[in-house]
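Reviewing the structure listed below.
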Amino acid sequence: MFSNKKVAFYTLGCKLNFAETSTIARSFQSINFEQVPFDQPADIYVINTCSVTDNADKRFKTIVKSALKTNESAFIIAVGCYAQLKPEELAAIHGVDLVLGATEKFKVTQYLSDLTKKDMGEVHSCEITEANFYEGSFSIGDRTRAFLKVQDGCDYKCTYCTIPLARGVSRSDTLENVLKNAKEIAAQGIQEIVLTGVNIGDYGKGEFGNKKHEHTFYELVQALDEVDGINRLRISSIEPNLLTDETINFVATSKTFVPHFHIPLQSGSDTLLKKMKRRYLRKTYTDRVAQIKETMPHACIGVDVIVGFPGETDELFLETYNYLNTLDIAYLHVFTYSERPNTEAYEMEGVVPLKTRHKRSKMLRGLSAKKRMAFYQSQLNTPVSVLFESENKAGYMFGFTENYIRVKTPWNPELVNTIHPVQLREIDEDGHVRFDWIKEEILIK
Ligand code: SF4
């Protein structure tokens, strides 16, 4: 029926969205669609949306326009968090033909009977409470690493966040299914698996559709470490209050888990952490960082932080800045607070002017660059392993060490998707690390 039809995908947002797009793409391939790059002519364009910041909304419109520029009669489908949160708004955007909510996005191939363009997009959405079942996903598009979804949704109530409204309650894949997917990925020759979800530290909750924890994140990590054929396992992001000592100690001695932790902090001020309804205070965060650096001094720690949250005075911002400046961390992901309807923070007083938010964001991004260089510097002359990626960028190729250092070397196709021991030598003018090759046998974990 669709043998000569083409489909293209565009993903906004997080690693979880990339895993889900890849799974949806496989459902199109299973009914004989040919997948083409997004800038190529296609009969159908599927856009997997994000709604963490208002910028995501604007970007969606631009992407629809670019698809219609390539093929003005193409059928445009929107799925993902923005589609779940504001389906009518998306359906009213010129060119959008179909909007599918959280319960329908994996059934998109059941909505292809009429591909004619619509004046107003057709909406098939739901109450988020109906999205309480689990759909497994993993990405296999990129040759070097795959995103493996292990958990979805969130039961936390952070006052700035819309994700629970877009993705529903916390629920997990069965341990058995996670291991099956991991083996399938390994069988494709992919070297690195990145565990992803919304609140993966809460893994095990809702494995069998109830509120119980059948397994813990620690048990998941132990089980995955036993799967043959996987060279590297990376934990994408984990809440500080859910990162236990036993998980940290296990990663320190495990065969495959890499010494890289990305831990959302959001603010270095306890006053703001309480207003954000985060489930920890600064002391817990300090302890986590100390525990990691004690067991793995070469570990890389990345931090999410929000600037401009309502009530963030200059003093409270400086508290965050000074706190981060003292922490033994390697980089920051800085998010500028943006008002999201239906969140508690939306009604809060003490709104920070946009100009101030941008100034603070700039300061923290400056701090992040300083931290990253200091971390890279601290790792020079150490033997590490590098997983080389497949892109040739102006005659150079790149790769990441296990502790998330980005290295650069002249393009050599034989290195693609291979892991090699190297000795980090120096940081070049672009901030990439150069290295010397070392013989396999002197590689340390
Ligand atoms: S933990 Fe908080 S910030 Fe993260 S998804 Fe859940 S509610 Fe949102």
(Q) All but one of (1) in contact with a strand residue (DSSP E or B) (Cβ under 6 Å, 6 or more places away or on another chain); (2) under 25 Å from Ser30 (Cβ atoms) hold for Leu90; state the number of the condition that does not hold. (A) (2)
**Q.** Looking only at segment 242-274, and only at residues there that are small (Gly, Ala, Ser) and surrounded by fewer than 21 Cβ atoms within 10 Å (Cβ to Cβ), the one that is farthest from Cys161 (Cα to Cα)
**A.** Ser254
Q) Taking segment 244-287 as the region of interest, how many residues are of a type in the set (S, T, N, Q), more than 16 Å from the ligand (Cβ to nearest atom) and outside any helix (DSSP H, G or I)? A) 4
Q: Out of the residues in segment 138-165 that are of a type in the set (Val, Ile, Thr) and in a loop (DSSP other than H, G, I, E, B), state the one that is farthest from the ligand (Cβ to nearest atom).
A: Thr144
Q: Please specify each residue of segment 112-133 satisfying the condition of being within 16 Å of the ligand (Cβ to nearest atom) and either within 29 Å of Glu192 (Cβ to Cβ) or open to solvent by less than 30 Å² (accessible area, probe 1.4 Å) (or both).
A: Ala131
(Q) What's the total number of residues in segment 218-238 that are in contact (Cβ under 8 Å) with a residue 60 or more places away in the chain and in a loop (DSSP other than H, G, I, E, B)? (A) 3
Q.
With the requirement that a residue be closer than 10 Å to Leu148 by Cα, touching a helix residue (DSSP H, G or I) at 6+ places or on another chain (Cβ under 8 Å) and of a type in the set (A, V, I, L, M), what does segment 180-206 give you?
A. Ala182, Ile193, Val194, Leu195
Q) Just to be sure, is Ile185 open to solvent by less than 10 Å² (accessible area, probe 1.4 Å) and either more than 20 Å from the chain's Cα centre (by Cα) or within 16 Å of the ligand (Cβ to nearest atom) (or both)? A) no
Q: For residues that are of a type in the set (A, V, I, L, M, F, W, C) and closer than 26 Å to Tyr376 by Cβ, scanning just segment 233-243, find the one that is nearest to the ligand (Cβ to nearest atom).
A: Ile238
(Q) Filter segment 185-217 down to the residues that are of a type outside the set (Gly, Ala, Ser) and either at positive phi or in a helix (DSSP H, G or I) (or both) and list them by number. (A) Ile185, Ile200, Asp202, Phe217
Q.
Residue pairs, Cβ under 6 Å, 6 or more apart or interchain, first in segment 367-391 and in the same structural domain as Val433 (by TED's automatic domain parsing) and at pLDDT 95 or above, second among the acidic types (Asp, Glu) and part of a helix (DSSP H, G or I). List them.
A. none
Q. When you scan segment 332-445 for strands (runs of 3 or more DSSP E) that lie fully inside it, which ones turn up with 1 or more residues that are closer than 24 Å to Val289 by Cβ and of a type in the set (Phe, Trp, Tyr)?
A. 396-401
Q: Go through segment 189-204 and count every residue that is surrounded by 21 or more Cβ atoms within 10 Å (Cβ to Cβ) and more than 17 Å from the chain's Cα centre (by Cα).
A: 2
(Q) So Glu104 passes all but one of these: (1) over 20 Å from the mean Cα position of the chain (by Cα); (2) within 16 Å of the ligand (Cβ to nearest atom); (3) among the charged types (D, E, K, R). Which condition number does it fail? (A) (2)
Q: Please identify the pairs in which a residue from segment 275-292 that is open to solvent by 50 Å² or more (accessible area, probe 1.4 Å) has its Cβ atom under 7 Å from the Cβ atom of a residue that is away from the ligand (no atom under 16 Å from the Cβ) and assigned to a helix (DSSP H, G or I), counting only partners at least 6 apart or on another chain.
A: Leu281/Asp270; Arg282/Asp270; Arg282/Tyr323
Q. Which one of these is within 16 Å of the ligand (Cβ to nearest atom) and at pLDDT 95 or above: Gly197, Gly206?
A. Gly197
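The values are calculated or read from the model by the stated rules, or taken from the named source; none is laboratory data. A quick note: this is a predicted structure, and the numbers were derived from the prediction, not measured. In this analysis, Cβ positions are derived from the backbone assuming ideal geometry, glycine residues included, and neighbour counts consider all displayed protein chains. These area figures cover heavy atoms from the full protein model, side chains too; ligands, DNA and RNA do not enter into them. Shrake-Rupley method; radii C 1.70, N 1.55, O 1.52, S 1.80 Å.
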